[in-house]
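One structure is given here, and the rest of the page talks about it.
The values are calculated or read from the model by the stated rules, or taken from the named source; none is laboratory data. Computed from a predicted structure; not experimentally measured. All Cβ positions, glycine included, derive from the backbone under ideal geometry; neighbour counts span all protein chains shown.
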Amino acid sequence: MFARWQYLMKKLPPLPEEGDSTSNRLPQNLDSLLYNEAKQISSSYQVAKQCLMTAFEKAHLGKWVKKPIEQDQFQCEITDADPSILFA
């Protein structure tokens with residue numbers, strides 16, 4: 001899925017969001033971007049995650065369990081893949 005996101009970000013400019021400068025924060029070489037960095041610069045992902053965590057707490061479903069940061073510190077090894085394979 002991370003490879004798909006990288007492919008789409010290379011082909012399509014990010015949609016502007018109100019009060020967001022994500023497009024200015026994207027590195028030139030997305031292939032060197034770590035997964036956790038991609039999640040951090042995606043404001044829509046962060047907003048959705050916060051809404052989910054808030055809903056869990058309001059419904060008394062407990063707190064979001066955070067995994068070790070090291071688990072998301074990886075680069076995608078699939079680069080320049082054929083889209084017919086990525087989106088099969």
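Of all residues in region 1-53, which are surrounded by 16 or more Cβ atoms within 10 Å (Cβ to Cβ), farther than 28 Å from residue 64 by Cα and either modelled with pLDDT of 90 or more or of a type in the set (Lys, Arg) (or both)? Within region 1-53, 7 is the sole residue that qualifies. Among the numbered conditions (1) out of contact with any Ser or Thr (no Cβ under 9 Å at 6 or more places or on another chain); (2) modelled with pLDDT under 90, the only one that residue 72 does not meet is (2). Show the residue pairs that are 6+ apart or on different chains and have beta-carbon atoms under 9 Å apart, the first residue being within region 56-82 and touching a residue at least 60 places away in the same chain (Cβ under 8 Å), the second being of a type in the set (Val, Ile, Thr). Pairs that qualify, where the first residue is touching a residue at least 60 places away in the same chain (Cβ under 8 Å) and the partner is of a type in the set (Val, Ile, Thr), are 78/85.
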